[in-house]
Structure formats: C-alpha cells, structure tokens
Amino acid sequence: MENGGYVGGTNPAGKKVIAELRGVSKRFGDVLAASELNLSIGEGEFLSFLGPSGCGKTTALRMLAGFEAPSEGDVLLDGEVVNTLDAHHRPVNMVFQQYALFPHMTVAQNIGYGLRQRRPRLPRAQIAEKVGKALDVVQLGGFESRRIWEMSGGQQQRVALARAIINEPKLLLLDEPMAALDRKLRKEMQIELQDLQRQLGITFVLVTHDQEEALSMSDRICIMRDGRIVQIGSPQQLYDRPNSRYVADFVGTSNFFDGKISDRSGELATVALDNGMSVQGKPGADLSVGQEVCISVRPEQMKLHHRHAGVDVEVHNRIFLGEHTEYLVSHETLGDFLVLSPRQSELAEGPFNVGDKATVTWEPSAALILDRN
Amino acid sequence: MTQRTRNWLLLAPAGTWFLVMLIVPLSVVFIFSFGERAPSGGVVPAFTFEQYANLPARWTAFKNTMTLAPVGTLSALVIAYPLAYFLAIKANPKWKTILLVLVIVPFWTSILIRSYAWIFLLGGRGIPALLDFVGIEGVRLINTPFAVLVGIIYGYLPLMVFPIFVSLDKLDKRLLEASSDLGAKPWRTFVQITLPLSIPGIATGCMLVFILLMGEYLIPALLGGGKVFFVGNALVDLFLQSRNWAYGSAVAVTLVVVMLITVTVYMRLISRLGASREDVSIM
C-alpha cells in the first residue's frame, strides 16, 4: 500500500497494548529491510507476521527482541520507547528458528538459564522447581539431565519453548519455530502452541511463511511484502476481504481476472475484463473508474452447471477430494481456473467429466475487485 | 583387492615414515642411553645406568624448560584469546581474511631472522636505550628469562590464535543472541557460553604450543645467550660439542618421558573438563 500505514484490522477492543511499532523502518546499508511499520499488539494476543522470505518479517521480530535497533520510528514495549534497549534488558523472549539451545548444557540447565541470570539470585531449589514445572508444561517431565543432542527435533523445540516461557515474558517471539519439523509434528505443535498460549495468557508473536500455520493459529495476521505491512486482520477478514491481489493470493487460493473499472454505482462496480467480458463485483478498496484492477473469485464461490447461463468452460481436470471435488476448467479467453464443488451440489448437478462442456457462475458479491499488485 | 589390503596399502606411506623417522631413531637413542662414552666421542655399547645417574648435572636445563614452557604457553593463551575473539566475533567480515593473513605473515619469515630482530630490540641499543632516555637506567633485557619468554610468545602466538579462532568462528552466533535474550549481560554470556564452547580450541592451542616449547632450542640460544638454556640446548651441546652421545641420549629419553607424562595428565584433565561440564556449576 502507498501509505504503508495501518491498513485494515484494529487492535481488538478492550485489550491493553503491550507492544507497538510506530513508523518503524530499518536499513541495512542500502537495503530497506522494513519500511514504515505501524502496528500495535494487544495483551494476550496471538499475532503472526506472514510473508515470503525477505519481506522484513524477521527484521520486525528482531527489533521487538532488541537484536536490531530501528533506523527510524519507535518500538514501544508496555508504553515505553525501547529503541536502543539491549535484548538482555527486555521482558521479551524468543524461540529461535533452529532453537539455539546451548549444546554444553543439559535440558534443565538450558531451561533454567534465564532464571539464573536474575539478580538478586534465585535460590537453587526454586529454579529447579520452576524448571520442573516448565518441563511439565511442554510434556517433557523427567528429561532434566538429558543432553541436547540426545533429544529429537520436536523435543528440542519444546525445550526451546520451555526455556522462553519460564521467564514469563511480556512477549514471546517465535521465529519460524516449526520450519524444522516434519508435517505431522508441525500440526501437533501448532495445536499445542495454541493451547499453551491460552493457558499462559502470554502474548505470542509468530513469524512464518506458511499461510496455513498463520491462518490456523493467529488471532490476527500481519501480511508483509518488501518490508511493508500490506494488510492486518483476523484470518477470516484477510480471507474474505483481502485488500489486494497479493493478499488474496497469499491467503488461500483464488482465481484472478484482469480488467478495468468501467462503472461504479452503489455497492457494486462493473469491470470490463481484458477479454471484452463485463463483470460485476464488489470493490475491496477505494477504486475509481478507469483504474486497472483484477477480479478475485475464490474457487468455492464458483458454481459449475450443465445447462445454465454463465461463463462457458470445458472441464480439463477433476480431482475428487471427498467432501469436495476440485475442477480445473478452461475458458477460451480467460484461461484456466479452479472451481471447488461441494459434495451436495455434485449430487444435484451430477458429476462433470474431463472434456465436458459446462458453465460457471458466481454471485457478484463474491467477486472482489482488487488492486492488481 | 580386499578391503583389508587396500587399508594396509593406504596406511603404508605414513606407517613407513613413522617407523623410519620416529620408532627407529627413538629406539637407537633409547639403546644409546644405556651405553658409555667412547674416548673419541660416540658410544661404546654397554648396559649401565651411569648416564641417568648423571642427570642432575643438567638440572638447570630441565628447570628452565619446565618453567618457561608452561609460563610461555599460558602467556600466549592470554594474549591470543582476545585476538582470536576479535577476529572471529567482532571483526567486520570484510576484513576478517586480511586480518587473519596478517597473523600468519610473520610465519613466512624464518624464526631465525625474527629472533635476531628481537636481539636488537631487547639489546643495549633497543628498548633499554629508550628506557634510559626517559630516565629509567640500568635495565637489562637480553639474555634474561624475560627475553626468552618474549621470544617464545612472539614465535608461537599464531599457533595459539588459530585453533581458538576456529572454535570461536564456528560458534553459532545465535547462541550468543539467545543468551542475551534470556537476560545475560555481555560478560556473563562470555563466561557461560563463549568460553566453555571454545575450550576445544584452547586445549588444542595449548597442547601445540606446549609440546613444541618443550623441545625449543633456537629462541633460548639466541635470546638467552647461553644464560637461559633449555633441554634442547643441552642436547645440541652434548651431541655436537662435547660429543657425549650416551649422556645426550639419556637426557633426550628423560625429556621424552617428562613430555609424555605431562601430556597424558593434561589430556586427562581436558577430557574430564569436557565430560563433567554438566556437573560443574555454571551458575
């Protein structure tokens, strides 16, 4: 977005703001890694930074952790500007991408590390007790004296988690914590993380490039691109009302047709598609007549018919997914696109086979008119 | 060709080398050490402990070696560690290679020439003259244990810097961030994370320098001026000057035994340090 500002989605009402980025930019030499970030994070919230690698999400996280100082703007924690406050003074803890566990220490020593840095010193017995509790929370009770290299990847991740949460941080930062886990373990950890977050009430900030992960765990997602925040909102808001083609493409799957706005009146607008067709749709953002836009229609919003007025297509591929059937259909000028057909409508309309001629329809309100970027 | 013969073939060059260059000479020296001195120099075969009984006559050489080698090793460690730390962790990656090369460059010059430079620096017209100029008179540096120590540290510093540099360079920098993130101040991060994880480098560096120092000959000869001499100097003297091979062999065998014992004890210590790091309180 042009202003790079606070785009869509607000901090959930009634929540105390625990961390804030105000016009934060970060330069590494000539490279602008983060630009004009504005974001407030509510207490107890689960917020995700989502975007492809190099979009600035990790830089944003590192500025919250205190590993990088912003070039411009302010980072606030609990209402105080902490721009240059060192990491070891911040009530923030991080779960690192490859966990960064201390290889020369046992599991218990790793987890108790944060507590051992406290001054005045905590009694040993108290540290041991807290370590035991933290291990129970991550379901690793009894693993105290294990060495790090004796633990599996999933177990190491739990140790990293326990090492962070034992300090009861105001903010728990997670840098692609699931990236090194296999698919099944990742699913399990996602659910566990969510449970843990509810149980502890700690604010979680997750960085990920995995949209599924962000969608399934977060209260709010902050979508980033080229160092900027593109859109902030709940997973549902982002899915239903993306503010750009980029977001619609990144969150879920969608079909896009390029065109120009030819008319605007009331709720709907008319778009003259590049192939000459004229389609009605709902403007997703402020768009004016003559502007180059695209129309985004989610596959599940499209209906496939045998005999009905609509867009004429030919079925190219059919994948039966149980509750849904996914069709790849082809239009002479619009090209290929996806239609997701629920089981019930399959029963009513009958199946479509590869090579069948069919028509596709959708509600004008399901066709979002979006910025082409 | 079976796997077994192939293994033997691959081992053959190194094995032959060890046999001809190490085992055989050592055995000869061992046998000589029980012999008697021939009137014209060389050895008359015999079986006597007379040479070993005479060892106390060379006590000073052993004493010098056994003090200056450990002191030199520790001094080199104290100087090398900050340097290696800077190179591995603090230095701008762009300059790292150049700085590393600068550490090696002195190695391209013969130790002989470099030691001569120190003779001048520590000699009457060098640093003492400078001190004299500012009013500190009568300082003598050359031909003292201090001069030998300076030469040793200077000569062996790169051998200490490199192993430590390697262990610090491959240290995962995220561990340092994690430590800071968990509330450790920079000094505590160093003590609890950096230092323990660089112990392998420290151990290797100390071992390299110490073993080489035990056999050092050139630096004491040049900077000690015959006043501060090592076992190495005693050996040269015995074999080449007084041509008392039997006695020289006894001194050599004793040096090898002393070295073996020290190194064994040292290895034990290091491996225990490594194994018991979990028991050592890292609070």
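The values are calculated or read from the model by the stated rules, or taken from the named source; none is laboratory data. All values derive from a computational prediction rather than experimental measurement. No Cβ is skipped: glycine too gets one built from the backbone with ideal geometry, and neighbour counts run over all protein chains shown.
For B:PRO82, the conditions (1) over 21 Å from B:PHE230 (Cβ atoms); (2) modelled with pLDDT of 95 or more; (3) surrounded by fewer than 20 Cβ atoms within 10 Å (Cβ to Cβ); (4) in contact with a Leu (Cβ under 7 Å, 6 or more places away or on another chain) are fulfilled apart from (4). Look at the stretch A:183-195: where a residue is in the same structural domain as A:ASP136 (by TED's automatic domain parsing) and a partner is assigned to a helix (DSSP H, G or I) and hydrophobic (A, V, I, L, M, F, W, C), sitting 6+ places away or on another chain with Cβ atoms under 7 Å, you get A:GLN190/A:MET217; A:LEU193/A:MET217; A:GLN194/A:MET217.
Given the criteria part of a helix (DSSP H, G or I), surrounded by 15 or more Cβ atoms within 10 Å (Cβ to Cβ) and not small (Gly, Ala, Ser), does A:MET189 qualify? Yes: the conditions hold for A:MET189.
Of B:PHE32, B:PHE18, B:PHE62, B:PHE86, all but one fail to be out of contact with any helix residue (DSSP H, G or I) (no Cβ under 9 Å at 6 or more places or on another chain) and of a type in the set (Phe, Trp, Tyr); the exception is B:PHE18. Residues in the stretch A:293-319 that are part of a loop (DSSP other than H, G, I, E, B) and surrounded by fewer than 19 Cβ atoms within 10 Å (Cβ to Cβ): A:HIS306, A:ARG307, A:HIS308, A:ALA309, A:GLY310.
In the set B:LEU213, B:LEU171, only one residue is crowded, with 22+ Cβ neighbours inside 10 Å and touching a Leu at 6+ places or on another chain (Cβ under 9 Å); that residue is B:LEU213. Considering (1) under 19 Å from the mean Cα position of the chain (by Cα); (2) part of a helix (DSSP H, G or I); (3) touching a residue at least 40 places away in the same chain (Cβ under 8 Å), the lone condition that B:PHE229 does not fulfil carries the number (2).
The condition of being buried (at least 18 other Cβ atoms within 10 Å of the Cβ) and in contact with a Gly (Cβ under 6 Å, 6 or more places away or on another chain) does not hold for B:ILE111.
Given the criterion in a helix (DSSP H, G or I), under 34 Å from the mean Cα position of the chain (by Cα) and at pLDDT 95 or above, identify the matching residue among A:GLY114, A:GLY154. Residue meeting the stated conditions: A:GLY114.
Taking A:SER341 as the residue in question, decide whether it is within 19 Å of A:LEU368 (Cα to Cα) and in the same structural domain as A:GLN280 (by TED's automatic domain parsing).
For A:SER341, the condition - within 19 Å of A:LEU368 (Cα to Cα) and in the same structural domain as A:GLN280 (by TED's automatic domain parsing) - is not met.
The set of residues in the stretch B:179-205 being farther than 17 Å from A:GLN109 by Cβ, among the β-branched types (Val, Ile, Thr) and facing another protein chain (nearest Cβ under 8 Å) is empty.
State which residue is surrounded by the fewest Cβ atoms within 10 Å (Cβ to Cβ) when the search covers only the stretch A:94-145 and only residues that are aliphatic (A, V, I, L, M) and more than 11 Å from every other protein chain (Cβ to nearest Cβ). The qualifying residue surrounded by the fewest Cβ atoms within 10 Å (Cβ to Cβ) is A:ALA125. The set of residues in the stretch A:186-197 that are touching a strand residue (DSSP E or B) at 6+ places or on another chain (Cβ under 9 Å) and not aliphatic (A, V, I, L, M) comprises A:GLN194, A:GLN197. Taking first residues from the stretch B:115-131 that are part of a loop (DSSP other than H, G, I, E, B) and partners that are surrounded by fewer than 16 Cβ atoms within 10 Å (Cβ to Cβ), the Cβ contacts under 8 Å between residues at least 6 apart in sequence or on separate chains come to B:GLY126/B:PHE120. Restricted to the stretch B:1-70, the set of helices (runs of 4 or more DSSP H) holding at least 1 residues that are surrounded by 13 or more Cβ atoms within 10 Å (Cβ to Cβ) comprises B:24-32, B:50-53.
You will find that of A:THR270, A:THR325, the residue that is without any contact (Cβ under 8 Å) to a residue 12 or more places away in the chain, in contact with a Ser or Thr (Cβ under 7 Å, 6 or more places away or on another chain) and surrounded by 12 or more Cβ atoms within 10 Å (Cβ to Cβ) is A:THR270 and no other. Looking only at residues of the stretch B:20-72 that are of a type in the set (Phe, Trp, Tyr) and farther than 17 Å from B:GLY232 by Cβ, we find that the one that is farthest from the chain's Cα centre (by Cα) is B:PHE47.
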